[in-house]
Amino acid sequence: MKSARALLVAVSAAVLLAACSATPADVTGGSVAAPVPNGVQDPAKIPPAATAATACGDPVASLRPPAPLPAPGHMPSGSTMATILARGRLIVGVDQTTYLFGYRDSHGAIVGFDIDMARAMAKAIFGDPSKIQFVAITSAERIPYLLEKKVDLVADTMTINCDRWAQVDFSTVYYNAGQSVLVPSTSKATGIDSLGGQKVCAAIGSTSITNIAARKSHPIPVAVNDWTDCLVMLQQNQVAAISTDDTILRGLAAQDPDVKLVGQPFTSEPYGLAMAPSSSDLVRFVNGVLEQMRSNGQWAAIYDRWLGGPAPTPPGPKYKD
Amino acid sequence: MTANLVVLFVLALAFGIAGTVGGIQRGDLVGNVRTNSGPLTVQAQSLYRALSDADSTEASAFLSGGAEPPALRSRYLGDIATASAALTALSASGSDTPALRSLSVGLPIYTGLVETARADNRLGLPLGAAYLREASAQMRNVLLTAAKTLYRDERAQLANDRNGGGGFPWIAIPLGAIVLILLIRAQRAMTRRTKRILNPGLVAATLTVAIAIGWITVSWAVGAEHLHSSRADGSDRVNVLVNARIDALRARADEALTLVARGNDVSFDSDFKAMMTDLTGDRGLLHQAASAPVAAGLRADVEAAITDLKAWQAENTAMHATNDKGDYPGAVASAIGPNATDAPALFAKVDDDLDRGILVANGEFAAQAKDAASALRGLAIGVGALIIVALAGITVGFQRRIAEYR
């Protein structure tokens, strides 16, 4: 807190001096409010903690894949995959704002870790990873889009939990994320618990805000509209750290060489591909493709491509049959 | 008799001074309207407009990807240059208001944020869009707010000068009337006593005072009428149209920023809708501008603006439909594309309509202010000269009378 304040004071003083030196000597009291991202909440409104989770057994257990997996272009008749095959493209709901996982490159194409996962599914159905249509959606739109059948699949850094199982079905875990902490490389902080009394940034209404506020060390949560706004505030010395899923933090760290991830993840966020509850054959098929990707090195290749090697062991599947 | 002479002489002198000084002051105020507060209001307008245009241009440039189109870059730089020049002119006028200070301090911060955004965008980093959104917030929350205050202040100064310049000459005219009455009464008294019909000195004085009163009254009436027209047909129209244009520019920026934010910030789209209501709603600015009794040319421009605005609004709706279908590149193409059916061309039509209207109204303002100034031309010198003649007439008239007495 002290160091953040001192920094802020130093920055304001520097700006003040700059402002003063530009004006005649008799002009005093020139001051300037440092710019902040639009819609910032400082301190953040804390979203209510999730209600007692609906019981669903082990949330990361999914449906067992069929053996053998149908070959590309030859889906069992009457299956959800056959309908998709007949349509000619797989429709996938994705994020377009999470760097490295789902975002638009400078040519406007959606790329990232999640996007490659979705393309692998298209390849398994059609034999061609380009038979795919991406629909850019926000986090809040993920479940409605599945329930309204606007998309076949959602690949959007989506945490598997029992509340969501009550509405949609999930594949097996394809990435184990966890809430972690990103700080400037000069920071002495070692994790969320050494940030007591200091400002820590996360997106408005996210569970990350709730998690930050719940820490015993009492960091001060600051909320913004978009994750990149957190990095802007960090670069402007307006927050001491950013805390959310390590996946998002890796995406932010890739945009600034002067930041670092510190400490161990303090929550567990297993990511799964989400599908409509009525299409259990598709869930089984997707799990089969994930099995192949884990064993044939494709998962590791995607990890290498987006997150940099060496790739860890892919998360193992759990089935509830 | 001598006492009467002194009283009349002093009152006539006071009338002369009031008429001359009043004429000079009035001329100064009307001159101010023409050459100072009027032009400064225009400077404040162009500052306001340039800043809004910078906001919307930069948002469009951003949508084009890493390498922005050169035309948009030079338009942005032109906007910043215009804004800086206007800011310098306004600062040089001597006022040091908080609004001016916010602008001088805030403009470099804004441009700094924009350049950071460009550098990051050029590297393909989503961080660039975050800096752009922050720049836009700085523009809207700090700069445009201050520019609006500045514009309002300049308009208030203009109204002040105009009211002073067009005010009724409350000192000169009553004084003149008293002098005239005293002169007539003095002549009547003389006629009764001396049986002489006319005293040439006093007759000359009466005539010149009457002419001076007439001149002051007519120049006031004509000048005030022109000043009134300069407001009603000029600066008031300009004001409504300038506000309409700023709203349109802001809506244009909203349209682009909605796409830059990529669904994670819906505030830009609701702001777009608010701007459209402000423009075309039943009590909207454009209906205000069209419903007032205005010149036919101006009305045509405003009506064209309403039609063109509706076309643009339809494009915006279609663009959202495209985006909602997941076709982001299609939506971007419609927001920044080169075709006549794309947003830039549709917006440009609205902007041109409003620009023509503003030009007409600004021209009307300048013409009326000029006529008001001509109505006052020569007033001070003329009244001064007339009163010298009147004073001489009074002196001669009374001296003759006194001489006859002896």
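The values are calculated or read from the model by the stated rules, or taken from the named source; none is laboratory data. Owing to the predicted nature of the structure, the values given are computational and were not obtained by experimental measurement. Positions of Cβ are generated from backbone atoms using ideal geometry, with glycine treated the same way; all protein chains shown enter the neighbour counts.
In this structure, does A:Val289 turn out to be in contact with a strand residue (DSSP E or B) (Cβ under 7 Å, 6 or more places away or on another chain), assigned to a helix (DSSP H, G or I), farther than 30 Å from A:Asp42 by Cα and of a type outside the set (D, E, K, R)?
no
Suppose the filter is in the same structural domain as A:Pro277 (by TED's automatic domain parsing), touching a strand residue (DSSP E or B) at 6+ places or on another chain (Cβ under 6 Å) and either over 29 Å from B:Ala67 (Cβ atoms) or of a type in the set (Asp, Glu) (or both); does A:Asp116 pass it?
Answer is no for this residue.
Do we have any residue at all in the range A:225-243 that's surrounded by fewer than 23 Cβ atoms within 10 Å (Cβ to Cβ), part of a strand (DSSP E or B) and not assigned by TED's automatic domain parsing to the domain that holds A:Ser171?
Looking for residues that are surrounded by fewer than 23 Cβ atoms within 10 Å (Cβ to Cβ), part of a strand (DSSP E or B) and not assigned by TED's automatic domain parsing to the domain that holds A:Ser171, one finds none in the range A:225-243, hence no.
Out of the residues in the range A:122-138 that are crowded, with 20+ Cβ neighbours inside 10 Å and farther than 29 Å from A:Asp226 by Cα, state the one that is nearest to the other protein chains (Cβ to nearest Cβ). Quick ask: steps written out before the conclusion?
Start the filter on the range A:122-138 by keeping residues that are crowded, with 20+ Cβ neighbours inside 10 Å, which leaves A:122, A:124-126, A:132, A:134-137.
Filter again for farther than 29 Å from A:Asp226 by Cα, leaving A:122, A:124-126.
Numbers: A:Ala122: 15, A:Ala124: 22, A:Ile125: 19, A:Phe126: 18 Å.
Taking the candidates together, the pick is A:Ala122.
For every residue, the table says whether it meets (1) within 19 Å of A:Arg284 (Cβ to Cβ); (2) of a type in the set (Ser, Thr, Tyr); (3) at pLDDT 90 or above.
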position	(1), (2), (3)
A:Ser106	no, yes, no
A:Ala118	yes, no, yes
A:Ile125	yes, no, yes
A:Phe134	no, no, no
A:Ala140	no, no, no
A:Glu148	no, no, yes
A:Ala155	yes, no, yes
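Being in a helix (DSSP H, G or I), surrounded by fewer than 16 Cβ atoms within 10 Å (Cβ to Cβ) and touching a residue at least 24 places away in the same chain (Cβ under 8 Å) is the filter here, so list the residues in the range B:289-310 that pass it.
B:Gly297, B:Lys310
So which residues in the range A:244-286 are in a loop (DSSP other than H, G, I, E, B) and over 19 Å from B:Leu125 (Cβ atoms), if there are any at all? Walk me through how you get there before you give the answer.
Residues of the range A:244-286 that are in a loop (DSSP other than H, G, I, E, B), as a first pass: A:254-258, A:263-268, A:272-273, A:276-279.
Those that are in a loop (DSSP other than H, G, I, E, B) and over 19 Å from B:Leu125 (Cβ atoms): A:Gly263, A:Gln264, A:Pro265, A:Phe266, A:Thr267, A:Ser268, A:Gly272, A:Leu273, A:Ala276, A:Pro277, A:Ser278, A:Ser279.
Scan B:Val222, B:Val260, B:Val266 and give me the residue that is within 14 Å of chain A (Cβ to nearest Cβ) and farther than 26 Å from B:Arg75 by Cα. Please lay out each step first, then the result.
Numbers: B:Val222 fails: within 14 Å of chain A (Cβ to nearest Cβ); B:Val260 fails: farther than 26 Å from B:Arg75 by Cα.
Matching residue, one of B:Val222, B:Val260, B:Val266: B:Val266.
In the range B:136-159, which residue that is closer than 30 Å to B:Lys370 by Cβ and without any contact (Cβ under 8 Å) to a residue 40 or more places away in the chain is nearest to the other protein chains (Cβ to nearest Cβ)?
Narrowing the range B:136-159 to residues closer than 30 Å to B:Lys370 by Cβ: B:147-159.
Going one step further and asking which of them are without any contact (Cβ under 8 Å) to a residue 40 or more places away in the chain, we end up with B:152, B:156.
Values: B:Arg152: 21, B:Ala156: 24 Å.
Selected residue: B:Arg152.
Can you find a residue that is basic (Lys, Arg), modelled with pLDDT under 95 and over 20 Å from A:Cys56 (Cα atoms) anywhere in the range A:312-319? I'd like the intermediate steps shown before the answer.
We begin by selecting, within the range A:312-319, every residue basic (Lys, Arg); these are A:318.
Narrowing further to those that are modelled with pLDDT under 95: A:318.
Still in the list and also over 20 Å from A:Cys56 (Cα atoms): none.
Checking the range A:312-319: not a single residue is basic (Lys, Arg), modelled with pLDDT under 95 and over 20 Å from A:Cys56 (Cα atoms).
So, in the range A:58-99, how many residues would count as being within 14 Å of chain B (Cβ to nearest Cβ), surrounded by 23 or more Cβ atoms within 10 Å (Cβ to Cβ) and in contact with a strand residue (DSSP E or B) (Cβ under 9 Å, 6 or more places away or on another chain)?
Going residue by residue through the range A:58-99, those that are within 14 Å of chain B (Cβ to nearest Cβ) are A:89-99.
From what's left, surrounded by 23 or more Cβ atoms within 10 Å (Cβ to Cβ): A:90, A:92-99.
Adding the requirement that they be in contact with a strand residue (DSSP E or B) (Cβ under 9 Å, 6 or more places away or on another chain) leaves A:90, A:92-97.
Summing the residues that are within 14 Å of chain B (Cβ to nearest Cβ), surrounded by 23 or more Cβ atoms within 10 Å (Cβ to Cβ) and in contact with a strand residue (DSSP E or B) (Cβ under 9 Å, 6 or more places away or on another chain) in the range A:58-99 gives 7.
Test B:Asn362 against the stated conditions and say whether it is assigned to a helix (DSSP H, G or I) and in contact with a strand residue (DSSP E or B) (Cβ under 9 Å, 6 or more places away or on another chain).
no
Being closer than 20 Å to A:Val92 by Cβ and in contact with a helix residue (DSSP H, G or I) (Cβ under 7 Å, 6 or more places away or on another chain): is that true of B:Asn316 here?
So B:Asn316 does not fit the description; no.
Take A:Val111 and tell me if it is farther than 30 Å from A:Ser217 by Cβ, among the hydrophobic types (A, V, I, L, M, F, W, C), outside the structural domain of A:Arg215 (by TED's automatic domain parsing) and without any contact (Cβ under 8 Å) to a residue 24 or more places away in the chain.
Yes.
Being more than 7 Å from chain A (Cβ to nearest Cβ), of a type in the set (Gly, Ala, Ser) and in contact (Cβ under 8 Å) with a residue 12 or more places away in the chain is the filter here; which residues of the range B:107-135 pass it?
B:Ala117, B:Gly128, B:Ala135
Any idea which residue in the range B:1-16 is nearest to B:Arg400 (Cα to Cα), counting only those that are surrounded by fewer than 16 Cβ atoms within 10 Å (Cβ to Cβ) and not polar (S, T, N, Q)? Quick ask: steps written out before the conclusion?
Start the filter on the range B:1-16 by keeping residues that are surrounded by fewer than 16 Cβ atoms within 10 Å (Cβ to Cβ), which leaves B:1-4, B:6-7, B:10.
Those still in the list that are not polar (S, T, N, Q) too: B:1, B:3, B:6-7, B:10.
Values: B:Met1: 12, B:Ala3: 15, B:Val6: 15, B:Val7: 17, B:Val10: 19 Å.
Checked the range B:1-16; the qualifying residue nearest to B:Arg400 (Cα to Cα) is B:Met1.
Return the total of residues in the range B:315-330 being more than 20 Å from B:Ala248 (Cβ to Cβ) and either away from chain A (no Cβ under 14 Å) or part of a helix (DSSP H, G or I) (or both).
7
Could you check how many residues of the range A:139-150 are without any contact (Cβ under 8 Å) to a residue 40 or more places away in the chain and within 10 Å of another protein chain (Cβ to nearest Cβ)?
Residues that pass the stated criteria total 1.
Which one of A:Ala213, A:Ala189 is over 22 Å from A:Tyr99 (Cβ atoms), in a helix (DSSP H, G or I), touching a residue at least 60 places away in the same chain (Cβ under 8 Å) and of a type in the set (Gly, Ala, Ser)?
A:Ala213
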